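The values are calculated or read from the model by the stated rules, or taken from the named source; none is laboratory data. Since the structure is predicted, the reported quantities are computational estimates derived from the model, not experimental observations. When we count neighbours, we look across all protein chains shown, and the Cβ atoms used for this are built from the backbone with ideal geometry, even at glycine.
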């Protein structure tokens, strides 16, 4: 086995489509001493500079589900390793992880008939081998828990072209997969079951609400012990416990 790149401490920010992960990760990046790693949407939208594999997946899920999930895994690991070399010893917070790919999106693709039985077997086999040998186990998960209905409204508001055909029913299914994985802890390995999960309700709008941001960031500080950076004091953290 090749020597694994020595990765920093990794925390994964999880949640349904439209839960507000990108927005909240930008808030974390401003106020906490972390390295934020966003989903590699540009890579998915410009494979080889031209092809949009995310669009292809949404347009023809039965044809492209296995291909997209395979590429999603590879590009997530590529992004993580790139930032690990830039910021050794930092706390990385990922916007989603290979684990949500496996337990939510790939599993749903199989359950809904978008990925056939052979593709699902292949996916699980190489996923287990690569995760065991080459991917750092996260120190924890942060689950942004939101109703599918709220996610649907936020998704429509942001208006990404690839998501124009995403239905409320699909969001309900993905929500249930997140619940089974992060709340009920179903069908996961023993070592993954030991990874702690911080569940944060983000049903209320937090993008323009500093009090709500304070509540969420304080919960993360208390759970993981992450320090504030110098830009966080205007939210009132200068009076918070531990500073």
Where residue 105 falls short, out of the listed (1) buried (at least 17 other Cβ atoms within 10 Å of the Cβ); (2) at pLDDT below 95; (3) assigned to a helix (DSSP H, G or I): (2)
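Quick check on residue 143: is it in contact (Cβ under 8 Å) with a residue 60 or more places away in the chain and in contact with a strand residue (DSSP E or B) (Cβ under 9 Å, 6 or more places away or on another chain)?
Values: in contact (Cβ under 8 Å) with a residue 60 or more places away in the chain: yes; in contact with a strand residue (DSSP E or B) (Cβ under 9 Å, 6 or more places away or on another chain): yes.
When the stated conditions are applied, residue 143 passes them.
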Just to be sure, is residue 231 closer than 21 Å to residue 22 by Cα, at pLDDT below 90, out of contact with any strand residue (DSSP E or B) (no Cβ under 6 Å at 6 or more places or on another chain) and surrounded by fewer than 17 Cβ atoms within 10 Å (Cβ to Cβ)? yes
Of the listed residues (118, 130), the one being part of a helix (DSSP H, G or I) and either in contact with a strand residue (DSSP E or B) (Cβ under 8 Å, 6 or more places away or on another chain) or touching a residue at least 12 places away in the same chain (Cβ under 8 Å) (or both) is 130
Step by step: first the residues of segment 22-35, then only those that are in contact with a strand residue (DSSP E or B) (Cβ under 6 Å, 6 or more places away or on another chain) and not in a helix (DSSP H, G or I), then the one that is surrounded by the most Cβ atoms within 10 Å (Cβ to Cβ). Which residue is that? 34
Residue check, residue 165 against (1) under 18 Å from the mean Cα position of the chain (by Cα); (2) farther than 23 Å from residue 207 by Cα; (3) in contact (Cβ under 8 Å) with a residue 60 or more places away in the chain, all met but one. Which one? (1)
Could you grab me the full set of residues in segment 173-187 that are over 17 Å from the mean Cα position of the chain (by Cα) and touching a residue at least 24 places away in the same chain (Cβ under 8 Å)? 187
Matching residues in segment 204-213 - criterion: being part of a loop (DSSP other than H, G, I, E, B) and surrounded by fewer than 14 Cβ atoms within 10 Å (Cβ to Cβ): 204, 205, 207, 208, 209
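Name every residue in segment 44-64 that is in a strand (DSSP E or B) and out of contact with any helix residue (DSSP H, G or I) (no Cβ under 7 Å at 6 or more places or on another chain), in order of residue number.
Residue satisfying the conditions is 51 alone.
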Across (1) modelled with pLDDT of 85 or more; (2) in a helix (DSSP H, G or I); (3) under 21 Å from residue 76 (Cβ atoms), residue 191 clears everything bar (1)
Please specify each residue of segment 174-203 satisfying the condition of being surrounded by fewer than 17 Cβ atoms within 10 Å (Cβ to Cβ), touching a helix residue (DSSP H, G or I) at 6+ places or on another chain (Cβ under 7 Å) and over 19 Å from residue 138 (Cα atoms). 203
Give 111, 3 a once-over and let me know the one that is surrounded by fewer than 22 Cβ atoms within 10 Å (Cβ to Cβ), out of contact with any helix residue (DSSP H, G or I) (no Cβ under 6 Å at 6 or more places or on another chain), farther than 17 Å from residue 160 by Cβ and modelled with pLDDT of 90 or more. 111
Return yes or no: is residue 19 in contact with a helix residue (DSSP H, G or I) (Cβ under 9 Å, 6 or more places away or on another chain), surrounded by 21 or more Cβ atoms within 10 Å (Cβ to Cβ), part of a loop (DSSP other than H, G, I, E, B) and in contact (Cβ under 8 Å) with a residue 24 or more places away in the chain? yes
What are the residues in segment 71-90 that are buried (at least 18 other Cβ atoms within 10 Å of the Cβ), more than 13 Å from residue 38 (Cα to Cα) and out of contact with any helix residue (DSSP H, G or I) (no Cβ under 8 Å at 6 or more places or on another chain), if any? 84
